[in-house]
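Comments concern the structure below.
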Amino acid sequence: MDGGLPAGKKIRVDMSGAPQTMLATLYAKALDADAENSLLRDTWARDAVSRIDYDWHRTSITARNQFGVTTRTVHFDAWARQFLAQHQRATVLHLGCGLDSRVFRLAPGPGVEWYDVDYPEVIDLREKLYPSREHYHQIPASVTSSDWLQAIAGDQPVLLIAEGLTMYLTEAEGIGLFRAVVEKFPCGELQFDAFNSLGIRSQKINTIVRRSGSTLHWAINGPDDIVSKVPGLRPLAAISVFDSESFRRGVSGGYRLIGKLMSLAPAVRMMAQYHRYAF
Ligand SMILES: C[S@@+](CC[C@H](N)C(=O)[O-])C[C@H]1O[C@@H](n2cnc3c(N)ncnc32)[C@H](O)[C@@H]1O
């Protein structure tokens, strides 16, 4: 892989706030890549980690707890693959992409224009680590600014993927973003994860968030919170992470039992959710 960095030279990284959290998700995928029973086998993540100079212990991610991140990524890869299988021509908006290598894992065909969007410091790091690719674009911007979306053609079906992003936005920012995408494109899907009110209230026990110094804002308690505010959307799925195929398949016995016990209380069960809508 050649992302423009001299061989053997590591990139020193020092980030705080929301951008720092993507180091934790990257590291989780790198640890999974080397595991015997790997779920994602994300060698891009492993290579990226090996080229970054960072004290990875700061992420709080270990080989034992990485599945919390990796199963989520497996889930969104599966939903994205389903959409792309039905749409050879499409625009993908991969928002809050961090250092995720989804575009390389999914390797969409030439009819797909893929946009990775994140803060400038994150995109700057991506450009050093990952190669370019035809029909692939990286946009250094906050997803809450409107300029980047205006510059994208709105003539194809769209897939919006936001993994680990909505909770960092305010409700007004998130709803404004979803409305802008639905108004711009002829049809498509929105796929994202969300925390409910309990998840937002208990953010201090989320080590990745706490250590980054970032604050979570937007609580989504169910599909009504979205469809009542974004005209034209039809819910396809809104499930607890514990009910996802990736969790059931990817998590070992002890953690599956913890998931079952946590699922007994509805608010705990729906603390972290996967949402999918069509329009
Ligand atoms: C938890 S990380 C997830 C990264 C990636 N999606 C993954 O799953 O590995 C959250 C990401 O959202 C990005 N982010 C948060 N707020 C953002 C905003 N307003 N605009 C663009 N990116 C944002 C952060 O910079 C970070 O890369």
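Any read-out appearing in this document is the output of simple, stated calculations on the displayed coordinates, not a laboratory observation. On a predicted model such as this, the values are computed, not experimentally measured, just so you know. Using ideal geometry, Cβ is built from the backbone for each residue, glycine included, and neighbour counts are taken over all protein chains shown.
Things worth noting here:
- Each residue of the range 1-145 gets 114 Å³ once the volume of the Cα convex hull is shared out per residue.
- Kirkwood-based Rg to Rh ratio, the range 11-59, C-alpha trace: 0.98
- All Cα-Cα separations within the range 76-278 were binned at 5 Å from zero, giving a P(r) of 1, 7, 15, 19, 20, 18, 12, 6, 2, 0, each value a whole percent of the pairs.
- The residues Arg249, Arg211, when put in order of fewest to most other Cβ atoms within 10 Å, stand as Arg249, Arg211.
- Cut-off under 5 Å, modelled amide H: who pairs with Asp42 long-range: Ala33
- Residue-wise HN-Hα coupling along the range 207-214, computed from phi with Karplus coefficients 6.51, -1.76, 1.60 (Hz; x: Gly, Pro): 4, 4, 5, 4, 5, 7, x, 8
- Residues in the range 88-96 carry Karplus couplings, in order, of 5, 10, 6, 10, 9, 10, 9, 9, x Hz; the curve used is 6.51 cos²θ - 1.76 cosθ + 1.60 with θ = phi - 60°, and Gly or Pro positions show x.
- Relative contact order of the chain: 19 percent, from C-alpha pairs under 8 Å at least 6 residues apart in sequence.
- J(HN,Hα) series, the range 44-55, from Karplus relation 6.51 cos²θ - 1.76 cosθ + 1.60, nearest Hz, glycine and proline x: 5, 5, 4, 5, 5, 4, 5, 9, 10, 8, 7, 7
- Residues with amide H under 5 Å from that of Leu236, placed H, sequence gap 5 or more: Arg276, Tyr277, Ala278
- Amide H contacts of Leu159 (H built 1.01 Å from N, in plane; Pro and chain starts excluded): Thr91, Val92, Leu93, Glu189 sit under 5 Å, all sequence-distant by 5 or more or on other chains.
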